[in-house]
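A short worksheet on the structure shown next.
Throughout, read-outs are computed from the coordinates displayed, never taken from laboratory work. Since this is a predicted model, take the numbers as computed values, not measurements. Cβ coordinates were reconstructed from backbone atoms using ideal geometry, including for glycine residues, and neighbour counts include every protein chain displayed.
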Amino acid sequence: MVQAKQIEDENLCSKYTENELLKTQKSCMNGIRLPLYQFGRNSPLDDISLQAPSDVPLEEQTILESILLAKWEEKLSEGHFRYDVTLSEIKAIVGQKKFLAQLNESWTNPSLSQYEEIRKCDHGSLFQTNWLKCQEELLFCISRGENNESKLISASLVPTSSILVMINATPVEYGHVILLPCAVDGPLQFLDDRSLELEMLLRLAVEINNFALCLFYECSTPRTACPFFQALFFSSLLPVEAMAVDTFFSDSLGEIYVSTITDYPVKALLFESSCNLKKMGQVIAEICSHLQEKCVLYNLLIRDCGKKIFLFLQSQGSDRSSILSPWECWGYFLFKSRSEFDQATEDALLDRIAAAASLDDAEFQGVKQFCCDVAGKVSF
């Protein structure tokens, strides 16, 4: 009864906070003008071969990537970050998994500092105070437009249904930003069973058109949706991407494939589509909504310009410190101590992963079956 009452209180608290955020965010955004990138009506998600920036060579930046990185570097030069992440030392760990390690003695977990207040249950005035501070960290916003093609507007009032792009003051990698939905007429949630915001993020991945882009999402609190995605740029292959896969589902049209990442210490699935990202996004949204209802913790990683989505699964342990961060799920580890960084070994990192609560084989099989059911339904 105590646990049920606690869950009920958390849900009521979450709803209260969400309503306060909606009211406060609406008032705080009044009068603010930002660069606005508007997606065109001709969406590339139904047929990726029709993607908008197809005429831009991969070695050149698209307009969306240019504004993101230019604004990010501008904030870096102005001193809005706690450190210069581009100076961090990175090395590959010797071993079969090819884990990566970064030394950053100034790093602190952004989910526990910069935006933890968004999840707290308090009055709108608390968020308003933090929001006014966050205005300095805003870069631009993204929304849907009415023109056939995407375009950049140099300064515009923030639309009521858009995504705010702001720096992460404690970046893990180059170009690290927060992607926060500004939905004053709807709930602040990226992954529900329809998830129009997830469609916008897949569209963002397509229009940035850079294989170095990592879009990711962390659900580390049961029954409480994280209100934002994050993005950063990492040009090398991540360790999880180098692992073999075992495909257990493909639809009749060959549009969606679902595979297990084999011989990897974190239970993970890979969703792939080379032509219909909209369908894949619908599949992911429904699966994640189901996982949240079942109190299964998970992380998402979107790579390959939106064509690949990794789903990492964890279970709720008694100790929050045992939960893996998104980048640890990828095989990328951060160290604040020079000695620990120098002494890091594959065995030690495998022990760190093994200490995290994981789904058992039966639970994992249940998730795989649910993925097949959802993907099969969406494909028809």
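Values as computed for the structure displayed
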{"read-out": "13 Å beta-carbon shell around L152, net charge (K/R +1, D/E -1)", "value": "-1"}
{"read-out": "For region 248-380, convex hull of alpha carbons as volume per residue, Å³", "value": "117"}
{"read-out": "Percent of C-alpha pairs per 10 Å bin, region 259-337, short to long", "value": "16, 46, 31, 7, 1"}
{"read-out": "Calculated FRET value between V94 and S322, using beta carbons and R₀ = 25 Å, to 0.05", "value": "0.50"}
{"read-out": "Cross-link pairs K98/K336; K97/K377; K75/K279; K267/K294 - those with Cα-Cα distance over 25 Å", "value": "K97/K377; K75/K279"}
